[in-house]
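> Below are the C-alpha cells for one structure; questions will follow.
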Amino acid sequence: MALRKPEWPETGDLVMATVETVTDFGAYVKLDEYNKRGLLHRSEISSSWIRNIRDFVREGQKLVLKVLRVDPEKGHVDLSLRRVTKREKIEKTMAWKKERKAEALIRGVAEKTGLPVQEIYDKAGTLMENEYGLYEGFEKALKEGAESLTKIGIPEEIAKAIFDVGQERIRVQMVRVKGTAELRCMKPNGVKIIKEAFSNAKKSEKLGSTKLRFYVIAAPKYSIEVLAEDYKRAEETFQRVAENIVSSVAKAGGQGSFKREK
C-alpha cells in the first residue's frame with residue numbers, strides 16, 4: 001500500500017488496478033494503491049461492442065481505471081476503463097511508477113539511518129511531498145544537495161541519507177545541446193588567449209549538475225557541448241558560454257562567432 005494514502009479512493013479518481021477474475025458480466029480487480037477490490041462492469045470496459053471480454057481484459061493485467069462510485073459501507077467500488085483517455089492512462093502510469101520508486105527510496109533511507117519507515121515519512125516524506133512531490137524531492141536533493149531539504153525543515157541526518165540514497169539509486173536523465181565556435185586570434189599568444197577564454201567561461205558559470213565540454217574540431221573550429229536536466233537550461237547555458245568565449249577573444253584582439261547545431 002502506498003504511504004499515507006486514504007483508505008478509499010474518491011469518485012473521479014484514476015487508480016491502478018490488477019485484474020483478478022474475469023466473468024461474463026465484467027472483471028473483479030484489486031486496487032493496487034488501496035488494497036481494496038472493485039468491479040469493472042462489462043458496460044464500462046469499452047465503447048465498442050464486446051463479443052469476448054477477454055479480448056479486452058485478462059487475469060493479471062494492469063489497468064488504469066476511473067472511479068465511478070464508492071460505497072465504503074458495502075465495500076463496493078465501481079470502475080470504468082472506457083472513460084479513461086489515452087493521456088490520462090499515460091500520466092497515471094507514470095505517476096504510479098514514480099510513487100512506487102519513491103516508496104522504495106524511503107525504505108532505503110530507513111535502512112541507511114536505522115529509523116522506522118513511518119518515522120522517515122513523518123519527518124521527511126510529508127515535507128518533501130508538500131514542497132516538491134515525494135520522488136521529485138529525491139531528485140531535488142540529488143541535483144542541489146541535502147541543503148535543499150534541510151531548508152524545508154528536514155533533519156540534517158535524514159537529508160544526507162536522502163541525498164546518498166538518491167545518488168545510489170536515481171539516474172538523472174540529461175539532455176545535450178551542441179554548437180561550434182569559430183575563433184581566430186593572430187597575436188603571438190593567440191592560442192593562450194583562446195584557451196583562457198574557454199577556461200574563464202567555464203569558471204563564470206554556476207554549473208551545479210550541468211556539465212560543459214569543450215574540444216578542438218580543427219582550428220579555428222571548437223565544439224561546445226552542454227549537458228543539463230532540461231532543454232531550457234541547456235540552451236541558456238550554451239548561449240551564455242558561447243557569447244562569453246567569443247566576447248573574451250574579441251576583447252583580446254581576435255574575432256569569433258558561434259553556431260548552435262540543430
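The values are calculated or read from the model by the stated rules, or taken from the named source; none is laboratory data. Model, not experiment: these values are computed from the prediction. Here the Cβ positions follow ideal geometry from the backbone for every residue, glycine too, while neighbour counts run over all protein chains shown.
> Of the residues Glu236, Glu229, Glu205, only one is of a type outside the set (A, V, I, L, M, F, W, C), surrounded by fewer than 16 Cβ atoms within 10 Å (Cβ to Cβ) and in contact with a helix residue (DSSP H, G or I) (Cβ under 8 Å, 6 or more places away or on another chain); which?
Step by step, each of Glu236, Glu229, Glu205 is checked, and only Glu205 is of a type outside the set (A, V, I, L, M, F, W, C), surrounded by fewer than 16 Cβ atoms within 10 Å (Cβ to Cβ) and in contact with a helix residue (DSSP H, G or I) (Cβ under 8 Å, 6 or more places away or on another chain).
> Here's another thing I want to ask about it. Tell me which of these Trp96 doesn't satisfy, since it passes every other one: (1) in contact with a helix residue (DSSP H, G or I) (Cβ under 8 Å, 6 or more places away or on another chain); (2) aromatic (Phe, Trp, Tyr); (3) in contact (Cβ under 8 Å) with a residue 40 or more places away in the chain.
Of everything listed in (1) in contact with a helix residue (DSSP H, G or I) (Cβ under 8 Å, 6 or more places away or on another chain); (2) aromatic (Phe, Trp, Tyr); (3) in contact (Cβ under 8 Å) with a residue 40 or more places away in the chain, Trp96 misses just condition (1).
> From the list Val15, Val22, Val67, Val77, exactly one residue is over 29 Å from Gly166 (Cα atoms), among the aliphatic types (A, V, I, L, M) and touching a residue at least 60 places away in the same chain (Cβ under 8 Å). Which is it?
Step by step, each of Val15, Val22, Val67, Val77 is checked, and only Val77 is over 29 Å from Gly166 (Cα atoms), among the aliphatic types (A, V, I, L, M) and touching a residue at least 60 places away in the same chain (Cβ under 8 Å).
> Filter the range 215-225 down to residues that are over 17 Å from Met186 (Cβ atoms) and either touching a Lys or Arg at 6+ places or on another chain (Cβ under 7 Å) or at pLDDT 95 or above (or both), then give me how many there are.
3
> Residues in the range 170-189 that are touching a Ser or Thr at 6+ places or on another chain (Cβ under 9 Å) and touching a residue at least 60 places away in the same chain (Cβ under 8 Å): how many? Before the answer, list the steps.
Of the range 170-189, the ones touching a Ser or Thr at 6+ places or on another chain (Cβ under 9 Å) are 172, 174, 177-183.
Among the residues that remain, those that are also touching a residue at least 60 places away in the same chain (Cβ under 8 Å) are: 177-183.
Looking only at that region, the number is 7.
> Please state which one of Lys203, Lys192, Lys232, Lys221 is more than 30 Å from Ile120 (Cα to Cα), touching a residue at least 40 places away in the same chain (Cβ under 8 Å) and charged (D, E, K, R).
Criteria check complete, one pass: Lys221.
> Which one of the conditions (1) closer than 18 Å to Thr21 by Cα; (2) touching a residue at least 24 places away in the same chain (Cβ under 8 Å); (3) acidic (Asp, Glu) does Glu144 fail to meet, given that it meets all the rest?
Of everything listed in (1) closer than 18 Å to Thr21 by Cα; (2) touching a residue at least 24 places away in the same chain (Cβ under 8 Å); (3) acidic (Asp, Glu), Glu144 misses just condition (1).
> Can you tell me which residue among Phe138, Phe163 is in a helix (DSSP H, G or I), touching a residue at least 24 places away in the same chain (Cβ under 8 Å) and closer than 27 Å to Ala228 by Cβ?
Phe138
> Of the residues Glu111, Glu103, Glu157, which is at pLDDT below 95, charged (D, E, K, R) and part of a helix (DSSP H, G or I)? Outline the logic, then answer.
Values: Glu111 fails: at pLDDT below 95; Glu157 fails: at pLDDT below 95.
Glu103 is the lone residue from the list that is at pLDDT below 95, charged (D, E, K, R) and part of a helix (DSSP H, G or I).
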